[in-house]
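Heads up: the structure comes next, in structure tokens.
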Amino acid sequence: MPIERVSYIFSEDNISAIQTNSKEQGWYAIAVGDVSGKGLSAALLMATSLAHLNSLLLQPLTPAQRMAELDKVLMPYTKMTYNNCALCYTELIPVFSTEKSPSTYLLKVTNAGCIPPYIKRSNGLVEWADVGGMPLGVGLGAEHGYQEITINLYAGDMVILTSDGVAEANAATGELFGFDRLQKAITSAPMKNVQAVLNHLLDEVQSFVKGAEPHDDMTIVVVQV
């Protein structure tokens, strides 16, 4: 999967897309999250979270183990600021056959209080990677561990990650965009390319809120294999 087949929009929410150093069997780590609160303390927690996550990527850990370690190392910061960090973390790992290009990918998903990713198959069907967990910095993830699931991806499949600001976008009446509308928007999005999907989702949200002032930042990442 060439990295240019990733499209995203983000503001103050966390976003990290990292490729490993191996060019032949490289895998990708893609994470989307949101820190609680605003201002300097939230910005510092975001920067700290990403710095520690980048460091953990160098260690031979599973996604669930990375999240448990990240939960543990963030606790000294969150205890002082009373913030926490919600993060959905995924790893996209190629499965090679006899050819140079991977035949399939494995998507490993673990979640710390964020929105699980949606999978849009090449035939248009949409699935939800239903996996949950406690936000980072609370300490419960380090104590009890995080759930991890694996999903097979094939050529043309897409992965869509969003922050909670998308589903919680509200119209002037106070009505939320919600998960039902989000899934319908993903289902109706054209399969032309990742940018077309991203543009469609943004258009659907903007059409719903009709210019209402957003109460939260929005992050959307679309990846195609």
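What follows draws every value from the coordinates through simple rules; no lab data is involved. Everything numeric here is computed off the predicted structure, so don't read it as measured data. Here the Cβ positions follow ideal geometry from the backbone for every residue, glycine too, while neighbour counts run over all protein chains shown.
Taken over the C-alpha atoms, the range 137-205 has Rg and Dmax values of 15.9, 44 angstrom.
From least to most packed, judged by other beta carbons within 10 angstrom and beginning with the fewest, D203, D180, D217, D71 follow the order D180, D203, D217, D71. Say the dipole of the chain comes from +1 at the beta carbon of Lys and Arg and -1 at that of Asp and Glu; which of A212, T78, N111 then lies farthest toward its positive end? Checking the options against the dipole of the chain, the answer is N111. For A196 and H144, a Förster radius of 41 Å and the Cβ-Cβ distance give a FRET efficiency of 0.50, rounded to the nearest 0.05. Annotation for W128 and F96: the two label points, set 7 Å from Cα along the Cα-Cβ direction, are 3.8 nm apart. Using θ = phi - 60° in the Karplus curve 6.51 cos²θ - 1.76 cosθ + 1.60, the 3J(HN,Hα) couplings for the range 189-206 round to 5, x, 8, 4, 6, 5, 5, 5, 5, 4, 4, 5, 5, 5, 4, 5, 5, 5 Hz; x is entered for Gly and Pro. When cysteine pairs in the chain are screened for C-beta atoms closer than 4.7 angstrom, the residues that find no partner are C85. For the pair M75 and A212 in one chain, pulling the backbone fully straight at 0.36 nm per residue adds 45.7 nm over the alpha carbon distance. Taking the Cα centroid of the range 147-215 and of the range 51-123, what is the distance between the two, rounded to the nearest whole Å? Value for the Cα centre distance between the two parts: 20 Å. Note on L57 and R121: with the Förster distance fixed at 35 Å, the Cβ-Cβ geometry gives a FRET efficiency of about 0.80.
Oblate is the label for the chain. Its Cα gyration tensor axes, ordered a ≥ b ≥ c, give a/c of at least 1.5 and b/c at or above a/b. With neighbours defined as other Cβ atoms within 10 Å of a residue's Cβ, the residues T173, T48 order from fewest to most as T173, T48.
Quick check: pseudo-label points 7 Å beyond the Cα along Cα→Cβ at A155 and D180, how many nm apart are they? Result for the modelled spin labels: 3.8 nm. Per-residue ellipticity at 222 nm, computed for the chain from helices alone with -39500 (n - 2.57) per DSSP H run of at least four residues, works out to -10000 deg cm²/dmol.
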